[in-house]
Every structure is written in structure tokens, then in C-alpha cells.
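The values are calculated or read from the model by the stated rules, or taken from the named source; none is laboratory data. What you see is a predicted model; the values in this text were computed from it and never measured. We place every Cβ from the backbone using ideal geometry, glycine too, and count neighbours over all the protein chains shown.
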Amino acid sequence: MIEEVRDRLYRIEVPLPNSPLKELNSFVIKADNRNLIIDTGFNREVCWETMQKGLAELKIDLSRTDFMITHMHADHSGLVTRLATENSKIYFSRIDAKVYDKDNSWKDMIDYAQINGFPPDELMKALHNHPGYKYSPKTVPKFNLIDDNDIIEIGDYRLKCIATPGHTEGHICLYDEDKKILFSGDHILYDITPHIESWSYQINSLKNYMESLDKVYHLPVDIVLPGHRTFFNDLKSRIDELKEHHLIRADEVMDVLGRTEKNAYDIASGMTWDIDCEKWEDFPIAQKWFATGEAIAHLRYLESEGRVKRKTDKNIITFSPANN
Ligand SMILES: [Zn+2]
């Protein structure tokens, strides 16, 4: 399904089967000399066919097209290597690009999940069900690395890159000041709350996320174009809701913890999740994985706020209330 959002700016809705996100918004800006495609969909056939059809309908010549990928997740980056031609520039965050430098980033993640209480016999299954493992680009694209405040110009669109760490460390939003358009990627979604996870105690992703919400709060916008689902106008109200949501979640983590000492996996299993399953045991493995990552992000945040203590002296990392 294609929709003209603004003059020469289009959205292609790319289906994401079995994902709670339902679809990805791929944005296409047409210009006389070069076109720009923002985000692409998973590297899987249903996404590929939708993009091929949509781009043909819009008469996009890929040899005159550049790409901008808001962050490294496979639903955004998955197809870029297949769509890009040798003439294409692929704009991508310098920080997120580091993921591709490491051969063993999945192994690090698995080890980390294990020391946070994820059942060892389910780790491999979790990996093989992870969308990033299944649907990432098969070869690493050649990137044009971008940083905060860089400008991408395409036709009469002038897009400023805004580094918004949180959803991923290198996440980038694009802002057109004259047109008052914010491409928010997965930093700010309207129908669902962006997933905030942490797979390293070095990174306080929830704190970064809250600060990145403040960073875009005062931007004058007429329309926000997120990476998934519905467009919206009222940026400030949505940011207020998202901040409130995470503070409530942090309090919930404190309630689940009570006066006990628990690992992140056990805390995740005691939290409420917006998913069609009666109990934790029935959660699909990938959802258990995401839930654990989200619990860790909240625990790391609570630790920085002085509300929980982290214990690392045993094989499994545990948390307890700071005032216990
Ligand atoms: Zn994402």
C-alpha cells in the first residue's frame, strides 16, 4: 500500500508477519536527480516483494537512489544491501555501524542473557528465533557514516540528523525544519511503546532514551512520521505519555522485586506484558528474550537512580532494593 504523505514524499507499508509491530513504514522521497529511501523492511521475501512492487509503482530508479537507515534493527536495515546499487549512498549511524564490526556480537549477547538468568538450554532457540538473526542483511553494506547534526539534502527536503540514543545506541531521527516534519524512526511511535532493552551494563539505555525524548520535545512539528504504523501531530503529548509509561514500568519492577533478591529474567517473568498469552511459560521464546532485555534496561536505570543494588559476585547477576 502506497500513500502520498506530502509533495513527493511517499510511504510504502511493508508487512512484518508475526511481529507485534505489524508493518514497517518505508518512506520514499522523489527528486529530480536523486531519490531517498528511509528504512527498508526485513530481509525476507514478503518484504522484498512489497518493496519491489511499491518502488516500481513510484517509478523509482534504484541506480539514482540513496538510502537512510534510522537504526540497525533488521526490520529497518534488512533489505538495504539487496536494494542498493553500486551508485547508492547508504547513510547510517557511525555508532550503530559498530555492531557490524564485531563477529561475535551475538555470542556476547547470549553470554549476557545467561548471566542475567535466561535458561541456558533455551539460549540457542532464542537466538535462532531472533528477527535480527534471521532477517538482517546477508552482507554488510558499505555505509556513509553519519553523526548528530549532519544534513542530508534530497530535492527540496533538508533533513537534519538528530542522534537519539535509547532504542539503539546509534538511533537517528531526521528533522526538516522548514517543513516541520520529524521522521522519528523507532524513537517515538504512536500506537505502541518503543522497545527499550539493554544488553550491557555499560549502557544505561533507558536513561539515554529519556534524555533523547527531551532532546526532540521542543521541535516545532506539523507531522511525525514514525517507523511503524500511525502518523501523528502532537509530539509533546506523546513524549509525556512515553516518559510516564517508563516511570510506571520502573515502579512495577520495584514491586516485583519487593524485598527479595532476583535476577533480571525472573523479574521479567513477574512483570505485565502486552501480549496474547495467559502466562509467562506460554510466551514465544523471542518475546521472553525481549522482555528480559527490557527488564535489564529498567534495572540498570533504577540502579543509576540509587533504587536497586546489583550483585555480580556469583554466576548469575541479581538485584535487590537499595534500602533493604
Ligand atoms: Zn527498532
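For this structure, a couple of remarks:
- In the range 202-240, of all residues being surrounded by fewer than 16 Cβ atoms within 10 Å (Cβ to Cβ) and hydroxyl-bearing (Ser, Thr, Tyr), the one that is nearest to the chain's Cα centre (by Cα) corresponds to THR230.
- Test: LEU213 is closer than 17 Å to TYR301 by Cβ, within 16 Å of the ligand (Cβ to nearest atom), without any contact (Cβ under 8 Å) to a residue 60 or more places away in the chain and among the aliphatic types (A, V, I, L, M): yes
- Looking across the range 29-47 at every residue that is surrounded by fewer than 23 Cβ atoms within 10 Å (Cβ to Cβ) and touching a Phe, Trp or Tyr at 6+ places or on another chain (Cβ under 9 Å), the one that is farthest from LEU189 (Cα to Cα) is identified as ALA31.
- Cross-chain or 6+ apart pairs with Cβ under 9 Å, the range 156-169 first and on the phi > 0 side of the Ramachandran plot, then in a loop (DSSP other than H, G, I, E, B): GLY166/HIS187; GLY166/PRO194; GLY166/ILE196
- Looking at LYS138, LYS125, LYS142, just one residue is at pLDDT below 95, in a helix (DSSP H, G or I) and out of contact with any His (no Cβ under 7 Å at 6 or more places or on another chain), and that residue is LYS125.
- Those residues of the range 138-158 which are under 30 Å from GLU45 (Cα atoms) and either within 16 Å of the ligand (Cβ to nearest atom) or among the hydrophobic types (A, V, I, L, M, F, W, C) (or both), in sequence order: VAL140, PHE143, LEU145, ILE146, ILE152, ILE154
- Any chance ASN18 is closer than 23 Å to LEU127 by Cα and either assigned to a loop (DSSP other than H, G, I, E, B) or within 15 Å of the ligand (Cβ to nearest atom) (or both): yes
- Residue match in the range 151-159 (condition: hydroxyl-bearing (Ser, Thr, Tyr) and within 30 Å of ILE267 (Cβ to Cβ)): no
- Selected residue [touching a strand residue (DSSP E or B) at 6+ places or on another chain (Cβ under 9 Å), closer than 21 Å to PHE143 by Cβ, more than 16 Å from the ligand (Cβ to nearest atom) and modelled with pLDDT of 95 or more] from THR50, THR85, THR40: THR85
- Entry remark, the range 53-66: residues being surrounded by 18 or more Cβ atoms within 10 Å (Cβ to Cβ) and either within 16 Å of the ligand (Cβ to nearest atom) or part of a helix (DSSP H, G or I) (or both) number 2 in total.
- Figure legend. Inter-residue proximity from the range 293-309: first residues acidic (Asp, Glu), second residues assigned to a loop (DSSP other than H, G, I, E, B), beta-carbon distance below 6 Å, spacing 6+ or different chains. Indicated pairs: GLU294/GLU197.
- Residue match in the range 113-130 (condition: within 15 Å of the ligand (Cβ to nearest atom) and either under 16 Å from the mean Cα position of the chain (by Cα) or not aromatic (Phe, Trp, Tyr) (or both)): yes
- The range 88-114 - residue that is under 12 Å from PHE143 (Cβ atoms) and without any contact (Cβ under 8 Å) to a residue 40 or more places away in the chain and, of those, surrounded by the fewest Cβ atoms within 10 Å (Cβ to Cβ): ASP101
- In this structure, ILE95 does not qualify as under 22 Å from GLY227 (Cβ atoms), aliphatic (A, V, I, L, M) and assigned to a strand (DSSP E or B).
- Verdict on LYS279 being of a type in the set (Lys, Arg), within 24 Å of SER19 (Cβ to Cβ) and without any contact (Cβ under 8 Å) to a residue 24 or more places away in the chain: yes
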